[in-house]
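To keep things clear, I will list the structure first and then write my remarks on it.
What follows is calculated from the coordinates using simple rules that are stated; it is not laboratory data. Note that the structure is a prediction, hence the values are computed from the model and not measured. Every residue, glycine among them, receives a Cβ derived from its backbone with ideal geometry; neighbour counts consider all protein chains shown.
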Amino acid sequence: MFSKELDERNKDLAHLAILGAIGDTQEGKGFIGLNKEILQDAVSSNKVEIKLGLRMFGSQTRPLYKVLEYSTDPYIPGITGNEQSAIEFLNEVGIDPNRKLIHLSETELKNLVAAIIIKRMGSEEEPEDVLGNIYLLKDEKEESPTKDLKEFSTLLNSCGRLNKPSLGIGACLNDEKSKKEAISLLMDYKKEIINSLNWFYKNKNSPSIIETPKLVIINAEHNIRDTIIGTVTSMISKSNLYKPGTILISLAHTLDADTKISIRISGYKIPKDVNLKEILGKITEKLGYTTGGHTFAAGSVIPQEKEREFIKIALENQTETYINTN
C-alpha cells in the first residue's frame, strides 16, 4: 500500500505482496482487510486470476497421488501420509494417479471432490470444506512452479533457505535467467532436505537424538542447516514415526555461533488446546530468551553454550509442559 501511495502505477506489483502473504500463511479461508484490497489491485492489474479449486499444494507440478498424500489442509483420513492408499483411492475413483490436478476434466474434478468429502465424513468437523481460492499468475506457463502463487512461495522459500535471496528477487522481477536458476535451486533444496532426513534416520539411535514417550529432541548441531531445520522437523512430524501428539524439538547451529531451535508436534492434526509457541516459550524463558512463531510451529535462537542447559530443562519439565498433548 505504501508503494501504491508513492505512485498509483505501482499497483502492478500487488501480486508480489499477495505472494508474500501466501508464503506467510496469511490467507486462511480468504484474504481480509488490507490483504483483500491488495488482492483486488493484483486482479485489476491483470496479474492474478482467482479460480475455485481443491485447496491442495502441487496442482501444477506434482502427480495427483502425491498431492493427496501430502495434503494436510484439507486432511484426508487414511490417505494423507500414505502413498499407496492415495494411489488406490484414485484408482477407485477412476483417475490415473500420475495425472496432474490441473489436467482433470470438470466431471473428473467433481467426482474427486465428492470422493474426498465422503472420505472425510465422520472424522472431520467440516468434511465438505475442501474447496477454496487458487491464485494463479496469468503471465506464467501451466505446470511451472511459478504459476500457482502457493508453489511460487515455496520456490522463494528455497532461495532464502539456501542463502540465495537474489535469485528469488530476480524471479519476482520476472527475470527468466533468475527463474531458471531458482527452479534449479529448488532441486538442490530438495536434495538437501533428503540428505538431512538421511542424517536423522542414520543417527536415530545415537546420542544426538533423545526419545521419550512425550518428547523427541533432535540435536543436529552442524549436520543440518539452521535455515531448514524447521522444515526437516515438520517432515519428521508427518512421517508417522512417532505417535500423534509427540513433541519434536530440533536444534541446529547457525553461522553466528548460535543455536536455532524449532518445535513441531507429530501427526496431521494439532489438538486445539496445544500451543507450540507457549510450550517452547516455557523453556526458553527459563534461559532468558524469547520464542516466536505460531500455535502450530515455533522457534527460538539461543547461544550454543546454552544448548545443554536448554535440553536439560526441556527434559526435566516435559511432564509439566506436555501433559495435555497426549
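Between S196, S45, S59, which gets the highest mean-square fluctuation from a Gaussian network model of the chain, Cα cutoff 10 Å?
Evaluated over the chain, the most mobile residue of the options is S45.
Are any of the pairs K29/K119; K238/K272; K191/K277; K119/K204 more than 23 Å apart by Cα-Cα distance, and if so, which?
K191/K277; K119/K204, as the Cα separations exceed 23 Å there.
Contour minus end-to-end for E221 and Y268, with contour as 0.36 nm per residue of separation and end-to-end as the Cα-Cα distance?
14.2 nm
Using Cα-Cα distances under 8 Å and only pairs 6 or more residues apart, what relative contact order does region 1-121 have, in percent?
18
Would you mind getting the Kirkwood hydrodynamic radius of region 2-188 from its Cα pairs, rounded to one decimal in Å?
By the Kirkwood definition, the hydrodynamic radius is 17.6 Å.
Based only on Cα atoms, what Rg/Rh ratio does the chain have, Rh being taken as Kirkwood's radius?
Over the Cα atoms of the chain, Rg/Rh equals 0.98.
Whole-Hz Karplus ³J(HN,Hα) for region 184-191, in order, using 6.51 cos²θ - 1.76 cosθ + 1.60 and θ = phi - 60°, x for Gly and Pro?
Karplus values, whole Hz, x for Gly and Pro: 5, 5, 4, 5, 4, 4, 5, 5.
So, in nm, how far is label W199 from label I118 when the simple model puts each one 7 Å beyond its Cα toward the Cβ?
Result for the modelled spin labels: 4.6 nm.
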